[in-house]
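Student: This is the structure, below, for whatever I ask next.
The values are calculated or read from the model by the stated rules, or taken from the named source; none is laboratory data. Model, not experiment: these values are computed from the prediction. A quick note on method: Cβ atoms are made from the backbone with ideal geometry, for glycine too, and the neighbour counts reach across all protein chains shown.
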Amino acid sequence: MSRRRRFGTGLLTNVTNPKGIIFMVAVLPQFIDPNRPLALQLAILAATMCCVDLVVMHGYALLASRMQGLFRNARAVRWQNRFFGSVLMAVGAALFFVRRQHA
């Protein structure tokens, strides 16, 4: 895919992401001061969100590239499955013993 096509696909995915829209509508308005120019505030928020997203996504990519060996090693995958399966079973068992409060 060309760069333009990849950019368009990423943009469309992010613009139509309901989680992102809900986050923007729920969290960001508290940082808007109605007594100041709106365009500048929105530009600052957009730049901040882009920088944070860039750092986080690059962090995920770096971590995934460093852990590639673990994802391809059959022995490591077997231990991951055992560990996370045990965690899920422990959480399920803990949920079994949770008592609900009646209203």
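Student: Mind telling me which of the residues Leu63, Leu88, Leu95, Leu70 ends up being of a type outside the set (Val, Ile, Thr) and modelled with pLDDT under 90?
Tutor: Selected residue: Leu70, the only one of Leu63, Leu88, Leu95, Leu70 that is of a type outside the set (Val, Ile, Thr) and modelled with pLDDT under 90.
Student: Against the condition in contact with a helix residue (DSSP H, G or I) (Cβ under 9 Å, 6 or more places away or on another chain) and under 29 Å from Gly10 (Cβ atoms), how does Gly59 come out, does it pass?
Tutor: no
Student: List every residue pair whose Cβ atoms sit under 8 Å apart, with the two residues 6 or more apart in sequence or on different chains, where the first one lies in segment 77-103 and is part of a helix (DSSP H, G or I) and the second, anywhere, is aromatic (Phe, Trp, Tyr).
Tutor: Val77/Phe71
Student: Any idea which of Ala74, Ala26, Ala47, Ala39 is surrounded by 10 or more Cβ atoms within 10 Å (Cβ to Cβ) and either among the small types (Gly, Ala, Ser) or in contact (Cβ under 8 Å) with a residue 40 or more places away in the chain (or both)?
Tutor: That would be Ala47, the only listed residue that is surrounded by 10 or more Cβ atoms within 10 Å (Cβ to Cβ) and either among the small types (Gly, Ala, Ser) or in contact (Cβ under 8 Å) with a residue 40 or more places away in the chain (or both).
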